[in-house]
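Down below is the structure, laid out as structure tokens.
The values are calculated or read from the model by the stated rules, or taken from the named source; none is laboratory data. Worth saying up front: this structure is predicted, and the values here are computed from it rather than measured. Note that we place each Cβ from the backbone using ideal geometry, even for glycine, and neighbour counts take in every protein chain shown. Remember, those area values only see protein heavy atoms, side chains included, never the ligands or the DNA or RNA. Shrake-Rupley method; radii C 1.70, N 1.55, O 1.52, S 1.80 Å.
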Amino acid sequence: MTPATSLDSLLRVLPEGRVVTDPDVTDSYARDRTFLTPGRALGVVLARTRDDVVATMRWATEHRVPVVPRGAGTGLAGGATAVEGGLLLSLARMTDIRELSPADEIAVVEPGVINADLDRAARAHGLMYAPDPSSYEISTIGGNLATNAGGLRCVKYGVTRDSTLGLEVVLPDGRVLNTGRRTVKGVTGYDLTGLFVGSEGTLGVITAATVRLQRAPAAPPATVAAEFPTLRQAAEAVAAVIAAGCRPSLLELLDRATLKAIDDWRNIGLDPDTAAMLIAQSDTPDGQAVAERMAALFDECGASFVAASSTPQEADELIGVRRMAYEAKERLGACLVEDVCVPRSRLPEMISAIEAAAVRHDVLICTVAHAGDGNLHPVFVFDHGLPEPPPQVWAAADEVFRAALDLGGTLTGEHGVGLLKRRWLDLETGPVGREVQLGIKQVFDPLGIMNPGKAIQN
């Protein structure tokens, strides 16, 4: 029985409407936000319950059909793109917040819950969900877990793995694995929770997560913004803030190319001499004093303009400028979006390396950064009409990746390897690391049906 024919048996075991084979609908689930051309999938399973996922994975194992789990499709590395002859498993309709416990400061959520919706639910109890990627209003918790997403607040509160206590995972053969715990402490056995977070759908399908909530700040954070005549000065200001022990809850950098893209779109009043902007926040009880200290450091590092927001509305507008960055760049052309991360002390050198690569290869690179934790997002912009980046873009990206590794950094801070970064993976993992990771993959997915070709796989 061929896979195409055997979809009939999947239709029989799942409730009506769960399996979609219409090519137009299937195609709408086949991509993420990259330029990559997806394979042709057999169909899409629109899962609503864990049992739907269990039945799907049992069927996929029986018929040796590849499965690509996906959430909202906001990924930037190709991790959720369809594979030829595979099945797309959408978890976007699994949207229950099964539990929210203010007493224990935890929530149990399904993978289709939107990041911002969980945060809003937590804030009704004086809590918050700390990870907040720029796509927080549209990205799902499942996708955040798959890539170990970070966000603007991760400089203080950490990335998704730091907020994940336990998982419910459906393994490739349909068995259900529960990992982790509900407690603050716990060292029983290997850390399978940490293993699945960031595994990009290559080991199993996450159907629920127990996540840690944080006490929300009692008052709005104090916000300060600064403009700099050079990008390196802005990077040096970041290093100065960290060295001074200011502990910002947010510290974001935008280069001139990004600011110009936003200004051309939304007219933010960009000064012609501004080469970079920093936006910083402190949410501690003495946040205003911390903000004033950061403002003084910005001045010492050569800022041409420094200002503190006087109202929460002004602060929201500043953060809104940062969150507009990716959409503004998409208006310029197709985008190869990267997310190298370096030790914070090496941020000025990494900034200089990105600028040099742009000049050397004559490529437009727009850079924003979660600067407080050394995570940079250089976006390589090329013509919309091209099916993939031209050679000079790949050459510039290669130079940026190698520079990050030379500075003691990593290829990806939060987007994942997906399809786009596989060619550089061995430079970071080395042969022994690769062998160990492939061994782990073999334990969980011996048939190789989970998101094949992504992340660690050839």
- So for 153, 247, 40, what's the accessible-area order with a 1.4 Å probe, most first? 40, 247, 153
- May I have the extent of the alpha carbons of segment 1-134 along their three principal axes, as whole Å values ordered from largest to smallest? 55, 34, 22
- Cα-projected label distance for residue 429 with residue 273, points at 7 Å along beta-carbon direction, nm: 5.0 nm
- Query: For residue 179, what is the net charge nearby, where nearby means another residue's Cβ is under 15 Å from its Cβ and Lys, Arg count +1, Asp, Glu -1?
  - Reply: +4
- Using only Cα atoms, tell me the angle between helix 50-63 and the longest principal axis of the chain; keep it within 0 to 90° and round to the nearest 10. 60 degrees
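What FRET efficiency comes out for residue 247 versus residue 359 if R0 is 30 angstrom and r is the Cβ-Cβ distance? Round to the nearest 0.05. Intermediate values should be presented prior to the final figure.
On the way: r = 35 Å, r/R0 = 1.17.
E between residue 247 and residue 359, to the nearest 0.05, is 0.30.
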- In nanometres, the difference between 0.36 nm per residue of separation and the alpha-carbon distance of residue 11 and residue 103 is 28.9 nm
- Task: Kindly state, to the nearest 0.05, the FRET efficiency for residue 182 paired with residue 120, given R0 = 22 Å and r defined as their beta-carbon distance.
- Result: 0.50
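What number, rounded to the nearest 500 deg cm²/dmol, is the helix-based mean residue ellipticity at 222 nm of the chain, given -39500 (n - 2.57) per DSSP H run of at least four residues and division by all its residues?
Details: 15 runs with 163 residues, N = 458.
One gets -10500 deg cm²/dmol as the mean residue ellipticity at 222 nm.
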- If unit charges are put on Cβ atoms (+1 for Lys and Arg, -1 for Asp and Glu) and the dipole of the chain is taken about its Cα centre, the option from 59, 128, 214 lying farthest towards the positive end turns out to be 59
- Task: Quote the charge dipole size of the chain about the Cα centre in Debye, to the nearest 20; the model charges only the Cβ of Lys and Arg (+1) and of Asp and Glu (-1).
- Result: 1160 debye
- Query: For residue 412, what accessible area in Å² do you get when you roll a 1.4 Å probe over the heavy atoms of the protein chains, rounding to the nearest 10?
  - Reply: 30 Å²
- Task: Please give the contour-minus-distance gain from residue 214 to residue 62: 0.36 nm per residue of separation, less the Cα-Cα distance, rounded to one decimal in nm.
- Result: 50.5 nm
- Find the percent of Cα-Cα distances in the chain that exceed 40 Å, and round it to a whole number. 19 percent
- Using a 1.4 angstrom probe on the protein heavy atoms only, line up 424, 394 by accessible area, largest first. 394, 424
- Message: If R₀ is 41 angstrom, what is the calculated FRET efficiency for the pair residue 230 and residue 51, using the beta carbon separation as r and rounding to 0.05?
- Response: 0.10
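Rounded, prolate or oblate for segment 97-215? Axes are the square roots of the Cα gyration tensor eigenvalues, ordered a ≥ b ≥ c, and the cut-off for rounded is a/c under 1.5. If you can, show how the numbers build up before the last one.
Numbers: a/c = 1.57, a/b = 1.32, b/c = 1.19.
It is prolate, given that a/c is not under 1.5 and a/b is the larger ratio.
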- Roughly what would the spin-label model give for residue 405 and residue 300, points 7 Å off Cα along C-beta, in nm? 3.7 nm
- Item | Too-long pairs where the Cα-Cα distance tops 27 Å, listed order kept, from 421/441; 329/421; 156/185 | none
- Item | Using distinct alpha-carbon pairs, which all enter the 1/r mean, Kirkwood radius of segment 219-331 in Å | 14.0 Å
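Which net charge results when you count Lys and Arg as +1 and Asp and Glu as -1 among the other residues whose beta-carbon is under 13 Å from that of residue 159?
Details: positive: 153, 156, 161, 212; negative: 132, 162, 339, 373, 414.
Surrounding charge for residue 159 is -1.
May I ask for the net charge around residue 48, where only other residues with Cβ less than 12 Å from the Cβ of residue 48 are counted and Lys, Arg are +1 while Asp, Glu are -1? The partial results should precede the final answer.
Details: positive: 18, 50, 93; negative: 16, 51, 52, 96, 110.
Net local charge, residue 48 excluded: -2.
Could you work out the relative contact order of the chain? I mean the mean sequence separation of Cα pairs under 8 Å and 6+ apart, divided by the number of residues, in percent.
Working: 1010 pairs, mean separation 72.7, N = 458.
Computed over the chain, the figure is 16 percent.
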